[in-house]
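Asker: My questions all concern the structure below.
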Amino acid sequence: MKVHHKIFEPYINQADIERRVRELAEQISADHKDENPLFLAVLNGSFMFTSDILKLLEFPAEVSFIKIASYLGTESSGNVSELIGLNENIEGRDIVILEDIVDSGLTIEKLQAMLIEKGAKNVTIASFLYKPSKYKASVPLDYVGFDIPDYFVIGYGMDYNGYGRNIKEIYKLKG
Ligand code: IMP
Ligand code: MG
């Protein structure tokens with residue numbers, strides 16, 4: 001498959017995605033059904049994973065869709081992250097973050113810190129993919145669909161320069 005002159009090849013097929021999502025949904029249901037958790041889907045990449053997981057949960061769940069905007073602040077503040085779209089009061093709440101992929105872990109680490117600062121009681125992290133060899137953060141991931149090597153992947157919500165999020169299987173950059 002060609003995206004912006006780069007060639008991608010099939011990597012994780014639909015059956016494997018569905019099987020892992022079902023297993024994760026079962027675990028998340030069992031572990032969180034009595035907590036009334038707020039699910040936070042990190043846009044844009046997690047929209048497909050979020051939809052699939054939520055449909056399989058065994059209880060009526062609350063979900064909100066957030067974005068992390070990163071921009072360069074003043075020299076002293078360095079790189080600033082802003083949390084957009086969180087309108088709920090999360091004081092004392094159990095939060096489950098839904099991510100498409102964790103690479104360096106910096107996004108998830110900043111997000112977790114911002115949620116704790118807003119009073120979240122507990123922040124659980126679920127990511128469909130995880131690249132252990134790239135991980136620089138210290139927060140533990142609670143649920144992971146697949147550990148993958150340092151491949152660049154698209155599909156199942158993930159993009160290359162904005163394209164490919166709609167593909168229902170996961171492709172990796174050929175090379
Ligand atoms: P991190 O902060 O380095 O962990 O990066 C997290 C974000 O980068 C993910 O939520 C994705 O949006 C994006 N990302 C990281 N690796 C890939 C990839 O292989 N394909 C597409 N997006 C990726
Ligand atoms: Mg993401």
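Asker: So what are the ³J(HN,Hα) numbers for segment 94-103, from phi and the Karplus equation (6.51, -1.76, 1.60; θ = phi - 60°), rounded to whole Hz, Gly and Pro as x?
Answerer: The phi angles translate into 8, 10, 10, 7, 10, 10, 6, 7, 10, 10 Hz.
Asker: Here is a further query. Pulled fully out, how much extra length does the chain show between Glu23 and Asn122, if you take 0.36 nm times their separation in residues and subtract their Cα-Cα distance? Could the numbers behind the result be given before it?
Answerer: Numbers: separation 99, 0.36 × 99 = 35.64 nm, distance 2.21 nm.
Net length gain for the segment: 33.4 nm.
Asker: Determine the calculated [θ] at 222 nm for the chain from helices alone, applying -39500 (n - 2.57) to every DSSP H run no shorter than 4 residues and normalising by the residue count; nearest 500 deg cm²/dmol.
Answerer: Details: 3 runs with 41 residues, N = 175.
Rounded to the nearest 500, it is -7500 deg cm²/dmol.
Asker: Here's another thing I want to ask about it. Taking H placed 1.01 Å from N in the peptide plane, check which residues at least 5 places from Leu38 or on another chain put their amide H under 5 Å from its amide H.
Answerer: For Leu38, the qualifying residues are Asp94, Ile95, Val96.
Asker: In debye, nearest 20, what is the charge dipole magnitude of the chain about its Cα centre with +1 on Lys and Arg Cβ and -1 on Asp and Glu Cβ, if you could check?
Answerer: Values: 19 positive and 26 negative charges, 137 e Å.
The calculated dipole for the chain is roughly 660 debye.
Asker: Would you please give the residues with an amide H less than 5 Å from that of Glu99, counting only those at least 5 places away or on a separate chain, with H modeled from the backbone geometry?
Answerer: Distant-sequence amide H within range of Glu99: Ala126, Ser127, Phe128.
Asker: If you wrap a convex hull around the Cα atoms of the chain, how much volume per residue is inside, in Å³?
Answerer: Numbers: hull volume 22.0 nm³, N = 175.
Taking the convex hull of the Cα positions in the chain, it is 126 Å³ per residue.
Asker: Sort the following peptides by mean Cβ neighbour count (other Cβ atoms within 10 Å, averaged over residues), highest first: 96-109, 115-128, 140-153. Numbers along the way, then the final one.
Answerer: Details: 96-109: 21.5, 115-128: 18.6, 140-153: 15.7.
So the order, starting with the most tightly packed, is 96-109, 115-128, 140-153.
Asker: Can I ask one more? Lysine pairs in segment 1-151 8 or more apart or on different chains: how many have alpha carbons under 20 angstrom apart?
Answerer: 9
Asker: With only alpha-carbon atoms counted, please give the Rg and Dmax of segment 70-167, in Å.
Answerer: Computed over the Cα atoms of segment 70-167, radius of gyration and Dmax are 14.7, 41 Å.
Asker: About the Cα centre of segment 5-54, what is the dipole size in debye to 20, counting +1 per Lys and Arg Cβ and -1 per Asp and Glu Cβ, all else neutral? Present the calculation step by step, with values, prior to reporting the outcome.
Answerer: Details: 5 positive and 9 negative charges, 44 e Å.
I would put it at about 220 debye.
Asker: Would you work out the charge dipole size for segment 86-173 about its Cα centre, treating the Cβ of every Lys and Arg as +1 and the Cβ of every Asp and Glu as -1, and quote it to the nearest 20 debye? It would help to have the intermediate numbers written out before the result.
Answerer: Values: 10 positive and 13 negative charges, 26 e Å.
The calculated dipole for segment 86-173 is roughly 120 debye.
Each reported figure results from applying straightforward, stated rules to the coordinates on display, with no laboratory input. Note that the structure is predicted; figures quoted are calculated from it, not measured. Here the Cβ is made from the backbone with ideal geometry for all residues, glycine too, and neighbour counts use every protein chain on show.
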